[in-house]
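Just below is one structure, and these are the notes that go with it.
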Amino acid sequence: MRFLFAVPGAGAGPAEFVNWEETLGEGIAFRRALYNNKLAGAAALCDDIKEASRRVADRICEETGPADEIWLFGHCMGASVAYEAAVLLAEERGINIKGLFVAAFISPDTGIEDGISDLDDDAFADEIESHGVFPEEFFANRSLLKLFLPAIRADYRMIESYRDERHYVLDCPIMGFYGADDSEVEPEDAEGWRNYTSREYTSMEFPGDHYFYYGRQLEIAGIIRKIMENNDFERGNGID
């Protein structure tokens, strides 16, 4: 069986992975690889990328067997979590994933310089509202916002404190999806993913800024479907 485990971006808003199961089809088992319960108490939240990736890797091992193909997709911050999960699988379980897809994020060795996780609640809420990922109703309901804000902050703290220094090279192809006008992911930082694979690295550019992904999700899912079906990153570029 082919499995695609998808790791969401920071905050994991409601627009993440909508209709992916239908787009991928019955031949691919799609799983959202979540490492936090967004309504969990502060003590249960994970704000360390190593722990988050371990939770993802453990889930993968629970759901798959030796004959299964494992593919990983990570959006934004989820790209680094997916990469670290792939490293854990290779080093500790002897499992090499079939391929890694990353969208709208810098390579693991780049790091984030200007973070927002230490802002006070009001400033932090204003910042994530400006991203346009969550519906307006989410911010209008302050009680609802208060419930989710700690988990969203934990996500941002996780990625802002992460920078890879080991540079483990995966034995699988990597493909990146990027926005042409993304001011947060510079081309040279995105191309750094090329150094994290012993196989081929390919990338696709889409119109739009850092949030291009939300309008292109199903197109990206379709591209991933073709690559997984063909087991070929070159033949899989593009969809019918």
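The values are calculated or read from the model by the stated rules, or taken from the named source; none is laboratory data. Fair warning: this is a prediction, and the values are worked out from it, not measured in the lab. As a convention, Cβ positions derive from the backbone with ideal geometry for all residues, glycine included, and neighbour counts pool all protein chains shown. Side chains are part of the model used for accessible areas, which takes the heavy atoms of the whole protein and leaves out ligands, DNA and RNA. Shrake-Rupley method; radii C 1.70, N 1.55, O 1.52, S 1.80 Å.
Things to note:
- Put simply, the range 160-231 fits an ellipsoid with semi-axes of 21, 19, 10 Å; these come from the alpha carbon gyration tensor as the roots of five times its eigenvalues, largest first.
- Summed over the residues of the range 115-240 and divided among them, the accessible surface reaches 52 Å² per residue at a probe radius of 1.4 Å.
- q = 0.17, 0.27 Å⁻¹: log10 I(q)/I(0) that the Debye formula gives for the range 32-107, counting C-alpha atoms only: -0.64, -1.34
- Charged neighbours of Arg31, selected by a Cβ distance under 12 Å, balance to -1 (K, R count +1; D, E count -1).
- Cβ-Cβ FRET estimate between Asp181 and Glu129, R0 fixed at 25 Å, reported to 0.05: 0.75
- Cα-Cα pairs of the range 113-213 separated by more than 23 Å (percent): 44 percent
- Rounded to the nearest 10 Å², the accessible area of Ile70 at probe 1.4 Å: 10 Å²
- Total formal charge among the other residues, if their Cβ is under 13 angstrom from that of Ile174, Lys/Arg +1 and Asp/Glu -1: 0
- Restricting the range 147-208 to GluC sites (Glu not before Pro) in coil, as DSSP defines it, with at most 12 other Cβ within 10 Å: Glu165
- Estimated [θ] at 222 nm from DSSP helical runs (n ≥ 4, -39500 (n - 2.57)) normalised by residues in the chain, nearest 500: -12000 deg cm²/dmol
- Placing +1 on each Lys and Arg Cβ and -1 on each Asp and Glu Cβ, with no other charges, gives the chain a dipole about its Cα centre of roughly 980 debye.
- By accessible area, using a 1.4 Å probe on protein heavy atoms only, the range 7-139 has 45% of its surface on carbon and sulfur.
- Cα pair count fraction exceeding 24 Å, expressed as % - the chain: 42 percent
- Over the range 1-128, volume per residue of the alpha carbon convex hull, in Å³: 125 Å³
- Taking every alpha-carbon pair under 8 Å whose residues sit at least 6 apart, the range 133-240 reaches a relative contact order of 22 percent.
- Segment Glu137-Asp189, extension gain: residue separation times 0.36 nm, minus the distance between their alpha carbons: 15.3 nm
- Scoring 78-85, 47-54 by mean Cβ neighbours within 10 Å over their residues and listing the highest first yields 78-85, 47-54.
- Rolling a 1.4 Å probe over the protein heavy atoms of the range 140-226, with every protein chain left in place, gives an accessible area that is 47 percent carbon and sulfur.
- Across the range 17-145, C-alpha contacts under 8 Å between residues 6 or more apart give a mean separation that, scaled by the residue count, equals a relative contact order of 16 percent.
- Relative contact order, percent, the chain [alpha-carbon distance under 8 Å, six or more residues apart]: 22 percent
- Cα convex hull of the range 68-154, projected area averaged across orientations, nm²: 7.6 nm²
- Heavy-atom accessible surface of the range 29-106, averaged per residue, reaches 37 Å², computed with a 1.4 Å probe.
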